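Report on the following structure.
The values are calculated or read from the model by the stated rules, or taken from the named source; none is laboratory data. From a predicted model like this one, the values you see are computed outputs, not experimental measurements. Because the Cβ atoms are built from the backbone with ideal geometry, glycine has one as well, and the counts that use them run over all protein chains shown. Ligands, DNA and RNA are stripped out before the accessible areas are found, and what is left, the full protein with its side chains, is counted by its heavy atoms. Shrake-Rupley method; radii C 1.70, N 1.55, O 1.52, S 1.80 Å.
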Amino acid sequence: MLPSPENSSVANRLKQKIILTTCALAEKRKVYLVRPIPEIGVDVPRALARAMILGAPREITIPLSDYHRRNDWVWDAQDEAARRCGAVILDPTAYLCDQENCYGSRNLFPLYRDDDHLSDFGNKLLVPMFRQVFDDLAVSSSKGRE
């Protein structure tokens, strides 16, 4: 669990550790940082089932602004690590959120197996994001053979 933004001293210490650790790793290899996965805050499959039983099926979402309020300090740390040491940032919100909400379900199908762990269905949505890592490895590998 991430520290709350209200506990800025803990967040600041963790932010510095993220930057230092990333830069130390980046001295020897390319480093990829994944933005935080949205935490939905409710057991998504259970909430979907409950809503369906009550005859009011609805998508399970959280406002994107809530996600940012909770995670902006991590984004700041990752952005700084990218600037200082060349880390590459992978952003799951491009696949799990739109301009207003982050989705715990899509078409009433759970993307999470609980409140903050992606289901098999949900994690498959991130395959294109991770493909970048393997594409980069293929390019690096082909350059080494030239």
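Overview of values
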{"quantity": "Residue in segment 5-23 that is assigned to a loop (DSSP other than H, G, I, E, B), touching a Phe, Trp or Tyr at 6+ places or on another chain (Cβ under 7 Å) and at pLDDT 95 or above present", "calculated": "no"}
{"quantity": "Checking residue 94 against (1) under 18 Å from the mean Cα position of the chain (by Cα); (2) more than 27 Å from residue 136 (Cα to Cα); (3) open to solvent by 50 Å² or more (accessible area, probe 1.4 Å), the condition it does not meet", "calculated": "(2)"}
{"quantity": "Yes/no for residue 81 being of a type in the set (Gly, Ala, Ser), touching a residue at least 12 places away in the same chain (Cβ under 8 Å) and open to solvent by less than 70 Å² (accessible area, probe 1.4 Å)", "calculated": "yes"}
{"quantity": "Single residue of 55, 41 found to be closer than 30 Å to residue 107 by Cβ, in contact (Cβ under 8 Å) with a residue 12 or more places away in the chain and surrounded by fewer than 19 Cβ atoms within 10 Å (Cβ to Cβ)", "calculated": "41"}
{"quantity": "Hey, residue 121 of a type in the set (Phe, Trp, Tyr), in a helix (DSSP H, G or I) and more than 17 Å from residue 35 (Cβ to Cβ) or not", "calculated": "yes"}
{"quantity": "Residue satisfying all of: in segment 10-38; charged (D, E, K, R) and surrounded by 15 or more Cβ atoms within 10 Å (Cβ to Cβ); nearest to the chain's Cα centre (by Cα) among these", "calculated": "35"}
